[in-house]
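The next block holds one structure in the form of structure tokens; read it before the comments.
Please treat every number below as a calculation from the coordinates, not as lab data. Just so you know, these numbers come straight off a predicted model, no measurement behind them. Ideal geometry is used to build each Cβ from the backbone, glycine not excepted, and the neighbour counts take in all protein chains shown.
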Amino acid sequence: MLVSARGLTKTFGDFVAVDGIDVEVRRGEAFGFLGPNGAGKSSTMRMIGCVSPATGGELRIFGQDPAVDGPAIRARLGSCPQADMLDEELTVQENLWIYGRYFGLTKAQTRKRATELLDFAQLTDRRGDKVEPLSGGMKRRLTIARSLINNPELLLLDEPTTGLDPQARHILWDRLFRLKRQGVTLIITTHYMDEAEQLCDRLVVMDHGRIVAEGSPRDLITRYSTREVVELRFDSDDHADHIDAVTGVAAASRVELLPDRLLVYTDDGDATSADLHARGVIPLSTLVRRSTLEDVFLHLTGRTLVD
Amino acid sequence: MSSSTVQSTATTTAPGGGGRAGRGGHGTREPLSWLERIRAVVGYFLTVYRRTWRGSIIGRFASPLFFLLAMGLGLGSLVDAKAGGVGGLSYLHFVVPAIVATQSMWVAMGESTYQVMGYFKWNKMYAAMLATPLRVADILTGHLLTVVFHLATATTIFVAVAAEFGGFAGWGALWCIPIGVLTGLAFAVPVFAYTASQQTEDGYNILFRMVVSPLMLFSGTFFPIAQLPVWLQPIAWATPLWHGVELARGAATGVVSSPVAAWVHVAALLAFVGIGWVLALRLFTRRLVA
């Protein structure tokens, strides 16, 4: 067990950011914290990263207590915070060289490692350039490369792809997959469902500082959602007007109301669509899709993740 | 990023990997010694300096020249002609050692205000350092040592240039270098603490207008504080600059009221450094480890 937390709590004055969570992360897995902004994900990550002391509960990383062995634990961690925290006035490789020294690597070790990591992060061409003009995706990859300079056993990624364009996200996911295949344990926070489904073996869903569900993405969908979802958009200001007409339609188990559409949870989307048509319900558009973690979150909290 | 780049590196693997067995050994190396940690932090700040030293070095040479021109040729010739100097010294020899201490204050302010704020807020380098085995005390020590380096460089250049143009009466001027560094540090350390307590740069307006500028004028730099109203004089005693000015002037001119007074000045400056350190460590920790 790489990380274990019991009753882990973080408060800032009266505000309870993390409200007594229990979490265990095993060696080699990719573990996710999923939740909306303000759910307590980053506070949890900062405690695991040993840069923020826990207010209460018990936390062990590599079996050690952050309150006692913070520097020793950090020596074995890699940490990618939400903000890149790069020195943009320095070059790409200087940012890596400097960081290696913080971990006590010799100059030769740091240079060798930096060369390998620049290749891994696809930044070799830009090694001598200042960081400032690089794209958001490149800066993110550099931050990840930097966090790997000490060969960490555990890599913490706080919203790794927030603000990146789709192509940059896919490149980043690919790099993270490679790390995982090589046995690096990943802990990822995200408010993107697709990211959690892509990357995480196991995840917890957080809301208001608490864990509301735990399992693999597939588990959670099976447990808290149906196989498919039919999304209906009507030419109407208030989609609530259409709930009665849709309720009880074939194969469906429940209907969820969103401001701009109705979600019909069903075991057979086609059967549901056909029955709706037979009933004379004519929406502007009908989309049949598989259930995602977004649906799980909606079911558990009554809210969508990204407003 | 073009797709061909992605293709060409598709076989790249992350070097090292996470398993303990295949590790390069440095992840589980001995904990860093205090010296290694400080050197790593200083290494960063010197790397930054390597990018900017050209601009700063020009200022370091120009500043004593401006002062000598204004004070020596301008004000000095007037004072010497009308009043026959100050207490038996030419005005130039009276004022130059004090200006060494004063410019050291300005260098210290430059290094401990916006610079430090930037490492908290803008590039968040302090936070990035804390995600490694480094501790708050390492970061503070390393950064302050870099400030000592800047103070030493600036003061040495100032003294050398001023000496070349006759700003000093004798070799006692060399004492102005360590005195300048200590005076600067007596400002830098408390101002590091102040910066850690500020969320925005707005507080610097008050600091510069209400503290630094008046200090430059009323700490005995340009005239002895005996010229001030009696009720103002104790205020000068409570500021680091007056102690630095008195020390530097005494050392450079050899005119010292008493050895005890000199040690009191040193003790006062060290007190600003020491109390500043305790505050800075506390406020840095409060800000960075939340």
> Can you list the residues, at least 5 places off or on another chain, whose amide H is less than 5 Å from the amide H of A:Leu258, using H built in the peptide plane?
Replying inline: A:Leu263
>> List the residues, sorted by chain then number, that are 5 or more residues from A:Asp207 or on another chain and whose placed amide H is less than 5 Å from its amide H.
In response: A:Val212
>> Report the Rg/Rh value for the protein assembly as shown, based on alpha-carbon coordinates and the Kirkwood definition of Rh.
In response: 1.13
>> Suppose the chain between B:Trp237 and B:Ser258 were pulled fully straight at 0.36 nm per residue; how much longer would it get relative to their current alpha carbon spacing?
In response: 5.9 nm
> By its C-alpha gyration tensor, with a ≥ b ≥ c as the square roots of the eigenvalues, how is the stretch A:39-94 shaped: rounded for a/c under 1.5, else prolate for a/b larger than b/c, else oblate?
Replying inline: oblate
>> Using amide H atoms built in the peptide plane, which far-off residues or other-chain residues are under 5 Å from A:Leu77 H to H?
In response: none
>> Could you tell me the center-to-center distance, by alpha carbons, between the stretch B:135-172 and the stretch A:46-103 in angstrom?
In response: 34
> Using a Gaussian network for chain B with springs between C-alpha atoms less than 10 Å apart, which of these wobbles most: B:Val230, B:Val264, B:Val278?
Replying inline: B:Val230
> Which whole number gives the average count of other chain Cβ atoms within 10 Å of the Cβ atoms across peptide A:70-77?
Replying inline: 5
> What's the longest piece of chain A with no exposed trypsin sites (Lys or Arg not before Pro), counting a site as exposed if DSSP puts it in a loop and it has at most 13 other beta carbons within 10 Å?
Replying inline: A:27-278
> Using the Karplus equation 6.51 cos²θ - 1.76 cosθ + 1.60 (θ = phi - 60°), what ³J(HN,Hα) coupling, rounded to whole Hz, does each residue of the stretch A:44-52 give in order, writing x for Gly and Pro?
Replying inline: 4, 4, 5, 5, 5, x, 6, 10, 9
>> Please list, in order along the stretch B:53-59, the HN-Hα scalar couplings obtained from phi with the Karplus expression 6.51 cos²θ - 1.76 cosθ + 1.60 (θ = phi - 60°), rounded to whole Hz, x for Gly and Pro.
In response: 5, 4, x, 6, 5, 4, x
>> Residue by residue through the stretch B:252-262, what is 3J(HN,Hα) from phi via Karplus (6.51 cos²θ - 1.76 cosθ + 1.60, θ = phi - 60°)? Round to whole Hz and write x for glycine and proline.
In response: 6, 9, x, 8, 10, 5, 6, x, 4, 4, 4
>> From Cα pairs below 8 angstrom and at least 6 apart in sequence, can you work out the relative contact order of the stretch A:226-290, rounded to a whole percent?
In response: 48
> For chain B, modelled as a Gaussian network with Cα springs under 10 Å, which listed residue fluctuates most, B:Ile38, B:Ile157, B:Ile58?
Replying inline: B:Ile58
> Across 5 Å bins from the origin, how do the percents of Cα pairs in the stretch B:34-288 run, short distances first?
Replying inline: 1, 6, 13, 17, 18, 16, 12, 8, 5, 3, 1, 0, 0
> If you average over every viewing direction, what projected area does the convex hull of the Cα atoms of chain A give, in nm²?
Replying inline: 18.1
> Roughly speaking, what % of Cα-Cα pairs in the stretch A:226-290 are separated by over 16 Å, rounded to a whole number?
Replying inline: 33
> How fast does the stretch A:140-191 diffuse by Stokes-Einstein, in µm²/s, taking the Kirkwood radius from C-alpha pairs at 37 °C and 0.692 mPa s?
Replying inline: 290
